[in-house]
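Just so you know, all these numbers are worked out from the coordinates, no wet-lab data involved. This one's a predicted model, so the numbers in the text were calculated from it and none came from an experiment. When we count neighbours, we look across all protein chains shown, and the Cβ atoms used for this are built from the backbone with ideal geometry, even at glycine.
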Amino acid sequence: MKLVTWNTQWCRGLDGTVSVQRIVDGARAMADFDVLCLQEIAQGYADMPGGPGDQPAELQSLLPGFQLFFGAAVDEFDTAGHRMRFGNLIATRLPVRQVQHHTLPWPADGGVRSMPRLCTVVTVQSPALGAVRVMTTHLEYYSKVQRMAQARALRDLHIEACGHAAAPPLDDDSRSPFQTKVHTPHAILCGDFNLGPTEPEYDVLRQPFVTDGARRLHDAWHARHGDTAHAPTFRLFDRTYGPEPVACDFVFVSDELAPRVRRIDVDLQTQASDHQPVVVEFDAA
C-alpha cells in the first residue's frame, strides 16, 4: 500500500500559480499511490490568491478510478450567498468501508487568528494490510492552545477506534444505520500538524495508552529511518513564516503497521506548494 500526503496551499505553487494538475502530477511522480491525502483544498473562494475554483471537482476529473472524500473544516457563505468550503481531501482506489468527518476542538483564544479544523477518516480495505483507518488532518498554525487541544483529540479518536476494535458493538444485519461496522486498530494518521518533533503536542500524539494492551501511534519516519532527523517539509524555499526549514508534515502509524513501513520519503525539490509532499509505502508482511 502506497500513500502520499501533501499540504497543497490550495494547489498554489511558489510561483503564485494555482494548478491542481501540478499537484496530482507531483504526487504521481513520488509513487503510484493507492491513497492520496491532501490538505488545504478549496472550493468557492474566488478572492483567494490565484482564484482556486472548485478543486474537489478538478481532482475528481484528474483521478479516474478513485473515490474522493472532501472534508470541509470551513463551510460558509459570502454576502452574496455563494458557498465556500476549505479542508482536507482523501482520494483512494482501494475499496472503502466507512467515511467519517470529525470536527476538532476550537477553544477560544482571544485575539489570535484561527479557523475550524477537521480530521477526515476513510477506512479502506487493503489487500496487503486488511482494514486500515486513513486519517488526514491540518492543525491550527497560530494558536498553540487550539493545536494542543486538537492533538489530544486526534489521540482520543485513535484510542476510541481501538476500543471498538477490541470490544466491538453487537453484530447487526438490519441493513440500517445500526448495521455492523468495520472496526480496526490499524491506522495511518497524516497531514500538516503545524508543529515540530520537539513540540509537546508531538509527544502527546505518541503517548502510549491501553485498551487490550499497551498501544501507541508511531512516527513512520523513525520507524524506517531510526534516529535520523526528519527531512524538512516546510520553509524549504519560502521563509515567509520563519528563518529555517522545519518538519511539520508527519505520518503516524499504529503498532501493527510500524514494522511494515518499507519506505518514507520527502520530495525536497518540488515548489508546487509551500509544503513538501511525503510518501509512505508498506510491506504486506
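Residues in the stretch 112-159 that are polar (S, T, N, Q) and crowded, with 16+ Cβ neighbours inside 10 Å: S114, T120, T123, S126, T136, T137, S143, Q146, Q150. For D109, indicate whether it is of a type in the set (D, E), free of Cβ contacts under 8 Å to residues at least 60 places away in the same chain and either in contact with a Cys (Cβ under 7 Å, 6 or more places away or on another chain) or crowded, with 16+ Cβ neighbours inside 10 Å (or both). Here the answer is yes, as D109 does meet what is asked. Condition check for E201 on (1) touching a strand residue (DSSP E or B) at 6+ places or on another chain (Cβ under 7 Å); (2) at negative phi; (3) surrounded by 15 or more Cβ atoms within 10 Å (Cβ to Cβ): one failure, at (1). Residues considered: L62, L94. Of these, the only one that is surrounded by 18 or more Cβ atoms within 10 Å (Cβ to Cβ), touching a residue at least 12 places away in the same chain (Cβ under 8 Å) and either acidic (D, E) or closer than 30 Å to D283 by Cβ (or both) is L94. Take the stretch 230-285 and flag every residue that is of a type in the set (D, E, K, R) and over 18 Å from F33 (Cβ atoms). Passing the criteria: R235, D238, R239, E244, D255, E256, D274. The set of residues in the stretch 112-161 being of a type outside the set (V, I, T) and part of a strand (DSSP E or B) consists of L118, C119, Q125, S126, G130, A131, R133, M135, H138. Of the candidates R239, R216, R262, R235, the single residue that is without any contact (Cβ under 8 Å) to a residue 40 or more places away in the chain, within 22 Å of Q100 (Cα to Cα) and not β-branched (V, I, T) is R216.
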